[in-house]
């Protein structure tokens, strides 16, 4: 181990920088601090803005609109230029933090999330969660220089201290891949259990060959919150010398075993001090933060130092270049809090943006993200543990009613009833889930509640109605495959889809391509997809899912048994019960898949009034 540390340290010092600046700008975060320690930049997802704060006086200098749902930010080299990944606008925007002036804007294919800069500021590297790529950008011109295939749903990205390798972590698997920066070729990987899930970020130790990431383990066979979701920090040995058949190069440290088995939920981001001694992790579900010490033992790796209670839904933590302070971004308080690193005492609070959400949507979002009472009693799980930001977790859960794949919440206000078996006709019915064994909470309403599909539970509780307001607020982004309109192949596929012979549009109808519509009688169908699930308890007729956004929500069907869209049309469609497709040629199947990938290619809500559709009123 000593030899490995020496090699890494020598390589780092050879780069000409002191070890105290090892981690500045080298890993993705929703916040970043300039290398001179004078500015902090923070992305505000709900506001669509970037806020610049002066340090150490903690004054907001400016808040700049950048687009829909900004995520990762990075200062560029030694400058005060800052780059931000604008997730839903598919852009990387570069600003002058001193003036707020836009310097460059780069259009990317889809969903930029993590972003880092080389120390000399000559290059940016950005993860595209979909379709799974790293793009290399010249920040001066905004030109994309190279695109690297980078696995499935990469979010986190970090540079090794010598800047020779790029590390990414996959969001849905928490797997990590290493790429040679010069060649772009994958040179290493670290994957854990198949239950590892929801890793957003990765950081690298400044002097030791270690990388760290927070994630959860989704135990899909458990029916209770105390047995289904677990918080972890993964520790990786990232030097080539550790790559042997007998070495465990990926360890996991269960965070619920720290501080007297204090249960925490949804680790969101981590960071490490520039001297490599202190390690920080924030938990977005329980509003906790752990301050720990790194241990050079290749075994325990971390030991607890302090447990802090922070604000609502902490999503980022960043340490200053000199290690004297750390900052926590409490996303649903819309503020950044500064802490003294020596004492872990708060020293300043900065309001980085005003609440842009209606009051009921904000309350509903707070409830959706919390694993605290009254939503739960055991603290393990929140709604966002499976539906973060309204997206699916890529898992098929073994629920008491049978196998159920996690759906997206996009368009939910227009596609009631809910659940694959259409057993909930309003979001307020999820009070049964809150009070049930999965979440174990006391609930949001007082007294008895009405049965699902029975009398309405709307109006029983302002908090329950607020939860409905938030879950019904998610909208569909347009498909990246239709930015320039439908391709010729997709146009041919559209003709196949709407033909009377395939009968696809009989159930997948209207602007949302489903006959499941609010205010109308539920229609369930037996299309032969439930015959193989021996655990099914509610029958094999299912609600018609919307087809909008299919390009990024694999696996498919209620039980997740169709890995691809082509599988939905072929191997998962025995007997032509799920649309008549057996007569289609290979080209026609390809064209139909291209059409499905291009959905939605126009805003479905704009067409809804003409079709006589109205959204659920909370």
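Read-outs: derived from the displayed coordinates by stated rules, not from any lab. All figures in this text were calculated on a predicted structure; none of them were measured in a lab. Note: ideal-geometry Cβ built from the backbone for every residue, glycine included; neighbour counts use all protein chains shown.
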Inter-label distance for residue 389 and residue 299, nm, one decimal - labels placed 7 Å from Cα along Cα-to-Cβ: 4.0
The chain - mean residue ellipticity at 222 nm from DSSP helices (-39,500 (n - 2.57) per run, n ≥ 4, rounded to 500): -3000 deg cm²/dmol
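By count of other Cβ within 10 Å, fewest leading, how are 127, 51 ordered? Can you show the working numbers first?
Working: 127 31, 51 24.
The most exposed by this proxy come first: 51, 127.
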Global geometry of segment 2-351, whether rounded, prolate or oblate, following the gyration tensor of its Cα atoms and the 1.5 cut on a/c: rounded
Peptides ranked, highest mean first, by Cβ atoms within 10 Å: ranges 329-335, 55-61: 329-335, 55-61
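Would you mind getting me the FRET efficiency between residue 603 and residue 249? Use the beta-carbon distance for r and R0 = 41 Å, nearest 0.05. Mind dumping the intermediate values first?
Details: r = 47 Å, r/R0 = 1.14.
My answer for the efficiency is 0.30.
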Zone of residue 499's modelled label, taken as backbone nitrogen in segment 582-599 under 18 Å from a point 7 Å along Cα→Cβ: 582-597
Within segment 470-505: backbone nitrogen closer than 14 Å to the residue 567 label point (7 Å, Cα to C-beta): none
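Given a cut-off of under 8 Å on Cα pairs at least six residues apart, what relative contact order in percent is computed for the chain?
Working: 1608 pairs, mean separation 55.4, N = 618.
About 9 percent, as a whole number.
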Distance in nm between pseudo-label sites at residue 102 and residue 54 (7 Å out along the Cβ direction from Cα): 2.6
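Take peptides 469-476, 108-115 and line them up by average Cβ neighbours within 10 Å, highest first, as a rough protection proxy. Walk me through the numbers on the way to the answer.
Numbers: 469-476: 20.4, 108-115: 23.9.
For the peptides 469-476, 108-115, the packing ranking is 108-115, 469-476.
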Cα coordinate range in segment 539-618, projected on the principal axes (Å, largest first): 40, 34, 22
Cut-off 11 Å, label 7 Å out along Cα→Cβ of residue 349, residues of segment 307-331 by amide N: 311-312
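Please arrange 146, 165 by how many other C-beta atoms lie within 10 Å of their C-beta, fewest to most. If you can, show how the numbers build up before the last one.
Values: 146 12, 165 19.
Fewest to most other Cβ atoms nearby, the residues stand as 146, 165.
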Point-to-point label distance, residue 146-residue 509, nm (Cα→Cβ direction, 7 Å offset): 5.3
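In terms of the Cα gyration tensor, with a ≥ b ≥ c the square roots of its eigenvalues, is segment 174-332 rounded because a/c is under 1.5, prolate because a/b exceeds b/c, or oblate?
Values: a/c = 1.63, a/b = 1.19, b/c = 1.37.
It comes out oblate by the Cα gyration axes.
Which order do 442, 177 fall in if you start with the one that has the fewest other Cβ atoms within 10 Å? Walk me through the intermediate numbers first.
Numbers: 442 13, 177 20.
Listed from fewest to most nearby Cβ atoms, that is 442, 177.
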Between helix 359-369 and the chain: long-axis angle, C-alpha atoms, 0 to 90°, nearest 10: 80
0 to 90° range, to nearest 10: angle between helix 586-597 axis and the chain longest Cα axis: 70
Two-decimal ratio, segment 359-471, of alpha-carbon radius of gyration to 2.2 N^0.38 Å: 0.99
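Under the 0.36 nm per residue contour assumption, what length would be gained going from the current alpha-carbon distance of residue 462 and residue 577 to full extension?
Details: separation 115, 0.36 × 115 = 41.40 nm, distance 4.30 nm.
Once the chain is fully extended between residue 462 and residue 577, it gains 37.1 nm.
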Gyration tensor (alpha-carbon) shape descriptor, segment 75-208, a/c threshold 1.5: prolate
Length released on extending from residue 187 to residue 474, taking residue separation times 0.36 nm less the Cα-Cα span: 99.5 nm
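Cβ neighbours within 10 Å, averaged per peptide: list 371-378, 408-415 in order, most packed at the top. Don't skip to the answer; put the middle values down first.
Numbers: 371-378: 20.2, 408-415: 23.0.
Top of the packing list down: 408-415, 371-378.
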Relative pair counts by distance (%), Cα atoms of the chain, 10 Å bins: 3, 16, 27, 27, 18, 8, 1, 0
Folded to 0 to 90 degrees: helix 488-497 orientation relative to the chain principal axis, Cα: 40
Whole-angstrom gap from segment 191-231 to segment 577-617, using each part's C-alpha centre: 35
